[in-house]
Amino acid sequence: MNYCPQCASPLAEVLVDDEIRSGCPDRACGFIHFNNPVPVVAMIVEVEGGVVLAHNVSWPKKFYSIITGFLEAGEDPVECARRETMEELNLHALETELIGAYPFPHQNQVIIAYHVKAAGEIKLNHELDDYKIVPVDQLKGWDMGTGLAINDWLKSRGC
């Protein structure tokens, strides 16, 4: 954001409660851009045979991850997990369990992660172009974002 959404003045650095923030330099306007993180729901979708990892059409070829989606205004995160599992994979969520919440500062997001047991026939939506099912004993997380949720989920299973 480069301009104030209230008065259209160019945004500048302003001091708010002893912190430098982006805001409107016009004191009469007073707009402050807090740039709060966006909530994202991530699902470790488990089906018969393992966990579904999918490839997003905009990612590098070899990168696969768990399913994610943006939380809609007023939506319960559990319902978001169920909705995104259906929308992106065409799978019915049978059980959902909260794993945890994780910072993802690279994208200014906070990730709310769930384990979802699901059933049905996988049909990818337009955002995804490939998937694989990874047996749980071969699943490995990574040190940021959704990988942290995978690591915690694996630890909770004694893996």
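Read-outs: derived from the displayed coordinates by stated rules, not from any lab. Just so it is clear, the model here is predicted, and its values are computed rather than measured. No Cβ is skipped: glycine too gets one built from the backbone with ideal geometry, and neighbour counts run over all protein chains shown.
Exposed loop sites were defined as trypsin sites (Lys or Arg not before Pro) in DSSP loop states (anything but H, G, I, E or B) carrying at most 11 other C-beta atoms within 10 Å; in the chain the longest segment without such a site runs 63-122.
The fewest-to-most ranking of 91, 128, 15 by surrounding Cβ atoms within 10 Å reads 15, 128, 91. This ranking places 156, 22 by how few other beta-carbon atoms lie within 10 Å of each, fewest first, which gives 156, 22. Pairs from the table (62/140; 61/155; 62/132; 61/132) lying more than 21 angstrom apart at Cα are 61/155.
Using the Cα centre of segment 38-156 as the reference point, and only Cβ charges (+1 on K/R, -1 on D/E), how large is the resulting charge dipole? Debye, rounded to the nearest 20. Don't skip to the answer; put the middle values down first.
Values: 9 positive and 18 negative charges, 83 e Å.
It works out to roughly 400 debye.
Which residues make up the longest stretch of the chain clear of GluC sites (Glu not before Pro) that lie in a DSSP loop with no more than 16 other Cβ atoms within 10 Å, not counting the sites? Longest stretch, sites excluded: 1-47.
Ignoring everything except DSSP H segments at least 4 long, calculate the 222 nm mean residue ellipticity for the chain; use -39,500 (n - 2.57) per segment, divide by total residues, nearest 500.
Values: 2 runs with 24 residues, N = 159.
When only DSSP H runs of four or more count, the value is -4500 deg cm²/dmol.
Principal-axis analysis of the Cα atoms of the chain puts helix 77-89 at an angle of about 60° to the longest axis. Positive-end ranking of 39, 6, 138 along the dipole of the chain, with charges on Cβ about the Cα centre, is headed by 138. What's the angle, to the nearest 10 degrees (0 to 90), between helix 146-156's Cα axis and the longest principal axis of the chain? Roughly 50 degrees between the two axes. Per-residue Cβ neighbour counts within 10 Å put 92, 55 in the sequence 92, 55, beginning with the fewest. Run through segment 111-159 and list the chymotrypsin sites (Phe, Trp or Tyr not before Pro) located in a DSSP loop whose Cβ has at most 15 other Cβ atoms within 10 Å. Sites meeting the loop and neighbour criteria: 142.
Note on the chain: Rg/Rh from Cα positions, Kirkwood definition for Rh, rounded to two decimals, is 1.10.
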